[in-house]
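The values are calculated or read from the model by the stated rules, or taken from the named source; none is laboratory data. Because the structure is a prediction, the values reported are computed rather than measured. So basically every Cβ, Gly included, is an ideal-geometry build from the backbone, and we count neighbours across all protein chains shown. What goes into the accessible areas is simple: the full protein's heavy atoms, side chains included, and nothing from ligands, DNA or RNA. Shrake-Rupley method; radii C 1.70, N 1.55, O 1.52, S 1.80 Å.
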Amino acid sequence: MTEPKDAEARRAVTPVICYPNDTLPRLDPALMERARSDWQKVSELLVPPRDARCFHVKPGQAFRITSVEGPQVGDLNLWNSKDLSERFYSGKTRALHGAHVTTGDRLWSGFPALRPMATIIADTLDWYGIDSFGGSVHDVIGTRCDPYTHHLLSGGQYHHCCHSNLTRALVAETGLSPDKAEPLVHDVLNVFMCTGFTRDTGQYFMKQSPVRPGDHIDFIAEIDLLGALSTCPGGDCGAQHSSDTAACHPLLVEVFDCAATPDWQAPDRNGYCGGHGLKK
């Protein structure tokens, strides 16, 4: 199409932030400080390479995901353990906090609950910021590697994509049949993954994660959580995912009681009336 004469003027229009977050409810700083103190471990699990495992976290407990042997990214799903229909909503989390999350940002559940499920209380990679390519760490823009897109682009039947890993873990944890469990698997928080969009074509990219053994990200569970973490078959995602050739490593998940645990008050579900302008 012919470019209009005022094309540059149209491109130069100042953008507007869709969701100004100065009124967004934040975890009280004093409560966050309590959540970071007096930790006592109650459980841990090691998620094997190219696989996934489920874990439970009670409201007010902290949980930590740690790189333990080598650079590795993970795909995290969260559900309300009492109602699996309430699950992490990466799209709304992205709209409220940005494409990548770090300390102080909350992970929100979907409609109609739309409430914080967990808050990030520490992140050893928060120094990374945004690099010259537009990349950053812990993204909520990638959906998860999956066997359907793999087949679409490359052919073949690959069973250790994060989507499949998470499905197997949920089946093992809940006893649900695969056809019931798979629809509950949802878009993820890509823990430790370094991603962005190319400046010229706008394509989603990944690059080698800056994570190193000992790096970790800590959360406080705001409601009763069932979590599932997949160790991505791409390893540090510096070259490819959905691969049996990339160097992959386990990730450690630890759950702790903390100073905030005993009297934790879970956030209420969203206060919208649910009417949607329809006559009753």
Residues being closer than 24 Å to G214 by Cβ and surrounded by fewer than 24 Cβ atoms within 10 Å (Cβ to Cβ) - total across the range 51-60: 3
Out of the range 247-274, which residues are part of a loop (DSSP other than H, G, I, E, B) and closer than 14 Å to G74 by Cα? A247, C248, H249, P250
Yes or no: D236 of a type outside the set (G, A, S), free of Cβ contacts under 8 Å to residues at least 12 places away in the same chain and assigned to a loop (DSSP other than H, G, I, E, B)? no
Subset of the range 3-33, residues closer than 26 Å to L96 by Cα, open to solvent by 80 Å² or more (accessible area, probe 1.4 Å) and either part of a loop (DSSP other than H, G, I, E, B) or in contact with a Cys (Cβ under 7 Å, 6 or more places away or on another chain) (or both), comes to V13, T14, P15, V16, I17, C18, Y19, P20, R26, D28
The residue from S154, S177 that alone is touching a residue at least 60 places away in the same chain (Cβ under 8 Å), over 19 Å from C248 (Cα atoms) and among the small types (G, A, S) is S154
Quickly run through the range 72-112 and pick out the residues that are touching a helix residue (DSSP H, G or I) at 6+ places or on another chain (Cβ under 7 Å) and among the acidic types (D, E). D75, D105
Hits in the range 227-249 (condition: open to solvent by less than 10 Å² (accessible area, probe 1.4 Å) and not small (G, A, S)): L229, T231, C232, P233, C237
Determine whether F219 is surrounded by 20 or more Cβ atoms within 10 Å (Cβ to Cβ), at pLDDT 95 or above and more than 24 Å from I130 (Cα to Cα). no
Members of the range 72-95 that are in contact with a Phe, Trp or Tyr (Cβ under 6 Å, 6 or more places away or on another chain), part of a strand (DSSP E or B) and open to solvent by less than 30 Å² (accessible area, probe 1.4 Å): L78
Select from the range 21-32 the residues that are over 19 Å from A266 (Cβ atoms) and either in contact with a helix residue (DSSP H, G or I) (Cβ under 8 Å, 6 or more places away or on another chain) or modelled with pLDDT of 95 or more (or both) and list them in ascending order. N21
Qualifying residues in the range 139-151 (those that are out of contact with any Cys (no Cβ under 9 Å at 6 or more places or on another chain) and touching a residue at least 24 places away in the same chain (Cβ under 8 Å)) - the one most open to solvent (accessible area, probe 1.4 Å): T143
